[in-house]
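Report on the structure given below.
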There are 2 protein chains.
Amino acid sequence: MSEKPPRIQDVARAAGVSTATVSRALSNPDLLTKPTREAVFEAVRSTGYRVNRAARNLRKQSANAILVLVPNLGNPFFSKILEGISEGFAGSDVSVLITDSNHLPEHERRLTDYFLDGRIDGMISLDGNLTTTDMTEFARENVGDRIVFACEWVQDAPMPSVRSDNYKGAQIAVQHLYELGHRRIAHVTGPADNRLTHVRREGMLAERQRLGLPQRPDWIIRGDFSLRSGREAAQRIVAMQDRPSAVFCASDEVAFGLIAGLNAAGLRVPEDISVVGFDDIDQAEHYVPALTTIRQDRIGLGRSAAALLLGQMTNAHNAPAAEVELLDVTLIARDSTAPR
Amino acid sequence: MSEKPPRIQDVARAAGVSTATVSRALSNPDLLTKPTREAVFEAVRSTGYRVNRAARNLRKQSANAILVLVPNLGNPFFSKILEGISEGFAGSDVSVLITDSNHLPEHERRLTDYFLDGRIDGMISLDGNLTTTDMTEFARENVGDRIVFACEWVQDAPMPSVRSDNYKGAQIAVQHLYELGHRRIAHVTGPADNRLTHVRREGMLAERQRLGLPQRPDWIIRGDFSLRSGREAAQRIVAMQDRPSAVFCASDEVAFGLIAGLNAAGLRVPEDISVVGFDDIDQAEHYVPALTTIRQDRIGLGRSAAALLLGQMTNAHNAPAAEVELLDVTLIARDSTAPR
DNA sequence: GCTTGCCATGTAAACGATTACACCTATAAT
DNA sequence: ATTATAGGTGTAATCGTTTACATGGCAAGC
């Protein structure tokens with residue numbers, strides 16, 4: 001049944017024109033006279049022609065593909081961002097590759113290789129923990145202007161990034177608790193080496209200070225965004241003789257773990273302790289109690305990153321400004337917070 | 001700083017051999033004599049040569065890439081499977097493309113195009129709702145033997161698939177409830193057009209029958225795997241005058257929604273109603289109450305699918321048997337179920 | 001009527017690898 | 001000694017596009 005797929009040559013023959021004309025009809029239709037153009041289109045239709053990507057890529061010295069670097073593909077937090085990225089590239093004829101940067105075998109860790117061997121011509125990193133080796137190689141090979149960060153980022157990196165306004169998020173979380181009458185506010189952080197952790201902690205501290213609340217270092221509990229670390233934080237809090245009345249968690253998962261842990265110890269949320277999360281993942285709305293949290297527009301992060309990279313890739317001359325696109329965050333008040 | 005990247009020609013010159021020899025050293029080292037081989041390796045190292053993928057792909061008429069078709073990238077359920085797939089291809093030099101089959105613009109919906117234009121040479125579909133048009137096109141273009149299904153599948157499709165033992169899962173869920181003394185067992189299904197829905201419902205019905213439990217059609221509530229549908233199911237159940245004492249949900253998310261909904265109506269889980277989920281997603285362990293559920297090995301699904309496809313792709317001659325690899329499931333008993 | 005310029009098209013040279021085929025040893029077989 | 005064989009290497013064709021350059025025709029300007 002299936003013959004060899006038609007080549008541009010076959011289309012040219014069918015339309016009675018040269019291969020150059022066919023190519024032009026496909027990529028630059030305005031150059032052609034209307035009858036020729038339509039003859040080509042007709043021939044394309046009748047032959048069922050599809051341009052061969054490998055050949056095009058070789059000739060054009062581009063890959064028509066980008067890579068998304070995900071720190072942990074199994075983490076549902078990233079999936080919505082991926083959805084946004086996928087959407088952002090949907091109409092653009094660019095293929096989206098993904099890879100899990102943590103599970104990359106050692107000998108494939110050289111990220112520049114993806115560029116150098118022509119597999120991709122752009123990259124979106126959701127991973128803010130790239131090594132300095134990575135960064136210097138990006139610079140050396142001049143691929144820095146085809147990389148953007150989304151959600152996370154590397155400090156002082158000369159690449160543009162899209163992120164949520166994490167600082168503000170922390171502020172309004174604390175503010176919300178303050179308005180409910182809470183004065184004794186604790187914080188469970190993210191992992192130590194993470195920029196988000198830092199910014200959220202800073203925003204939190206700044207707001208606590210601004211409102212004249214006690215700066216209790218023992219109420220800053222180290223976590224790592226995970227359910228488990230929330231659970232552990234709960235044990236720490238339960239063991240305190242001088243307990244906070246509210247906890248702002250660096251992620252929703254931490255909040256879930258925390259609430260589960262508090263419940264297990266007989267403390268009720270929000271009656272005994274109010275809890276605020278960060279992210280507004282899907283489950284937040286349906287947790288028991290429904291979680292008060294700071295919403296990040298994760299799809300928006302993905303979409304913007306896609307748009308940004310698409311821009312960088314088309315206007316190659318464009319200054320690779322290390323601009324930061326800050327997406328707004330909002331407080332979603334639900335049932336895990338209550339007046340003191 | 002950065003010169004043009006070296007070509008195979010440059011390596012050949014540096015090593016004092018021909019391009020053919022360089023190519024062989026890279027792809028088929030055994031063909032060469034030890035000194036030549038090492039000279040080439042040395043030249044590769046000193047020049048920093050990387051083989052150009054577009055050129056290789058063009059010449060070899062393959063893409064060295066596969067596509068993963070995800071029905072909804074935003075759904076965290078799939079992310080772990082993606083992780084498994086990513087792992088499965090990690091050492092193999094195959095690029096993993098992903099696309100969200102629901103957000104695909106109409107004119108890109110022709111899945112065979114990915115094959116025909118040489119962008120991919122294999123596909124893993126997590127989407128069991130491919131159209132019959134898709135299926136006939138796969139057959140017509142002879143790409144059926146480079147496709148595998150994971151988790152979901154299309155009925156009667158001539159492609160291999162990896163799935164969990166959903167039937168057994170439903171059975172042991174019901175059995176577990178039975179052993180706890182429950183006799184009035186309800187079920188919230190998945191979406192109507194889904195194979196998983198069907199199999200899980202069948203397993204459930206069969207077990208209910210085997211145990212001589214009442215077959216109450218009004219205790220089969222239509223859902224769609226979502227939190228929301230679980231919530232709606234809760235309302236239905238609350239409104240019943242003749243309530244079940246336990247509910248087996250087609251997914252963990254449904255179970256979460258259900259529990260949240262029951263709680264909102266003043267019914268306690270597991271005291272008033274026991275609930276079993278399906279999947280064992282990360283949150284299940286940390287929900288309140290911790291969710292009793294049927295564990296699917298999602299990473300394993302991904303890994304097996306990857307291995308299967310890799311096999312199909314290398315042994316192209318291999319009969320494209322529509323074999324089914326069934327992964328075992330296990331009951332994880334937690335706190336959402338209790339004796340009647 | 002002849003030049004000039006422009007526009008639509010065609011011709012053919014890239015792009016950078018793989019590999020069929022040819023060739024040239026060196027060794028084994030006769 | 002001569003031929004056959006095999007193994008290592010080189011030469012050059014090939015994969016299917018895109019695009020620089022060449023070409024030819026036609027309208028406008030003199």
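The values are calculated or read from the model by the stated rules, or taken from the named source; none is laboratory data. Please read these numbers as outputs of a predicted model, since none were measured by experiment. Cβ: placed from backbone, ideal geometry, glycine included. Neighbour counts: every protein chain shown.
The table below lists the values:
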quantity: Selection status of A:Arg295, in contact (Cβ under 8 Å) with a residue 24 or more places away in the chain and of a type in the set (Lys, Arg); calculated: yes
quantity: Test: B:Ala43 is free of Cβ contacts under 8 Å to residues at least 40 places away in the same chain and more than 7 Å from DNA strand C (Cβ to nearest atom); calculated: yes
quantity: Filter result for B:Thr99 (modelled with pLDDT under 95, in contact with a Lys or Arg (Cβ under 9 Å, 6 or more places away or on another chain) and of a type in the set (Val, Ile, Thr)); calculated: no
quantity: Selection count, the stretch A:245-268, where residues are of a type in the set (Val, Ile, Thr) and either in contact with a Gly (Cβ under 9 Å, 6 or more places away or on another chain) or within 13 Å of chain B (Cβ to nearest Cβ) (or both); calculated: 2
quantity: Single match in B:Ala90, B:Ala65, B:Ala55 (criterion: among the hydrophobic types (A, V, I, L, M, F, W, C), surrounded by fewer than 19 Cβ atoms within 10 Å (Cβ to Cβ) and more than 14 Å from DNA strand D (Cβ to nearest atom)); calculated: B:Ala90
quantity: Qualifying positions in the stretch B:180-207 - touching a residue at least 24 places away in the same chain (Cβ under 8 Å), surrounded by fewer than 19 Cβ atoms within 10 Å (Cβ to Cβ) and not basic (Lys, Arg); calculated: B:Leu180, B:Gly181, B:Pro191, B:Ala192, B:Asp193, B:Asn194, B:Glu202, B:Ala206
quantity: Looking only at the stretch A:19-35, and only at residues there that are assigned to a helix (DSSP H, G or I) and among the polar types (S, T, N, Q), the one that is farthest from DNA strand D (Cβ to nearest atom); calculated: A:Thr21
quantity: Residue satisfying condition, being of a type in the set (D, E, K, R) and buried (at least 19 other Cβ atoms within 10 Å of the Cβ), within set A:Arg210, A:Arg303; calculated: A:Arg303
quantity: Residue in the stretch B:1-18 that is nearest to DNA strand C (Cβ to nearest atom), counting only those that are buried (at least 16 other Cβ atoms within 10 Å of the Cβ) and not in a helix (DSSP H, G or I); calculated: B:Arg7
quantity: Flag if B:Phe225 is within 23 Å of the chain's Cα centre (by Cα) and at positive phi; calculated: yes
quantity: Which numbered condition B:Phe138 misses (of (1) within 16 Å of DNA strand D (Cβ to nearest atom); (2) under 22 Å from B:Gly311 (Cα atoms); (3) free of Cβ contacts under 8 Å to residues at least 40 places away in the same chain); calculated: (1)
quantity: Checking A:Leu177 against (1) within 14 Å of chain B (Cβ to nearest Cβ); (2) surrounded by 21 or more Cβ atoms within 10 Å (Cβ to Cβ); (3) touching a residue at least 12 places away in the same chain (Cβ under 8 Å), the condition it does not meet; calculated: (1)
quantity: Conditions (1) under 38 Å from the mean Cα position of the chain (by Cα); (2) free of Cβ contacts under 8 Å to residues at least 24 places away in the same chain: number failed by A:Gly48; calculated: (2)
quantity: Condition broken by A:Asn72, with the remaining ones in (1) in contact (Cβ under 8 Å) with a residue 60 or more places away in the chain; (2) at the interface with chain B (Cβ under 9 Å from one of its Cβ atoms); (3) within 30 Å of A:Gln283 (Cβ to Cβ); (4) in a loop (DSSP other than H, G, I, E, B) satisfied; calculated: (1)
quantity: Qualifying residues in the stretch B:8-18 (those that are within 12 Å of DNA strand D (Cβ to nearest atom) and within 14 Å of chain A (Cβ to nearest Cβ)) - the one nearest to A:Asp117 (Cα to Cα); calculated: B:Ile8
quantity: A:Val288 vs. criteria within 14 Å of chain B (Cβ to nearest Cβ) and either surrounded by fewer than 18 Cβ atoms within 10 Å (Cβ to Cβ) or free of Cβ contacts under 8 Å to residues at least 24 places away in the same chain (or both); calculated: yes
quantity: Condition broken by B:Phe41, with the remaining ones in (1) in a helix (DSSP H, G or I); (2) away from DNA strand D (no atom under 16 Å from the Cβ) satisfied; calculated: (2)
quantity: Subset of the stretch A:109-124 that is within 9 Å of chain B (Cβ to nearest Cβ) and not in a helix (DSSP H, G or I) - its residue that is surrounded by the fewest Cβ atoms within 10 Å (Cβ to Cβ); calculated: A:Asp117
quantity: Every residue from the stretch B:228-252 that is crowded, with 24+ Cβ neighbours inside 10 Å and either touching a His at 6+ places or on another chain (Cβ under 8 Å) or not assigned by TED's automatic domain parsing to the domain that holds B:Glu207 (or both); calculated: B:Gly230, B:Ala246, B:Val247, B:Phe248, B:Cys249, B:Ala250
quantity: Residues (of a type in the set (A, V, I, L, M) and outside any helix (DSSP H, G or I)) located in the stretch B:44-69; calculated: B:Val51, B:Ala63, B:Ala65, B:Ile66, B:Leu67, B:Val68, B:Leu69
quantity: Segments classed as strands (runs of 3 or more DSSP E), wholly inside the stretch B:125-210, with at least 3 members that are over 22 Å from B:Val269 (Cβ atoms); calculated: B:147-150, B:161-164
quantity: The stretch B:19-35, residues that are at pLDDT 95 or above and either more than 7 Å from DNA strand C (Cβ to nearest atom) or crowded, with 19+ Cβ neighbours inside 10 Å (or both); calculated: B:Thr21, B:Val22, B:Ala25
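One line per residue, one yes/no per condition, for (1) within 11 Å of chain A (Cβ to nearest Cβ); (2) within 11 Å of DNA strand C (Cβ to nearest atom):
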{"residue": "B:Thr47", "(1), (2)": "no, yes"}
{"residue": "B:Arg53", "(1), (2)": "yes, yes"}
{"residue": "B:Ser62", "(1), (2)": "yes, yes"}
{"residue": "B:Phe77", "(1), (2)": "yes, no"}
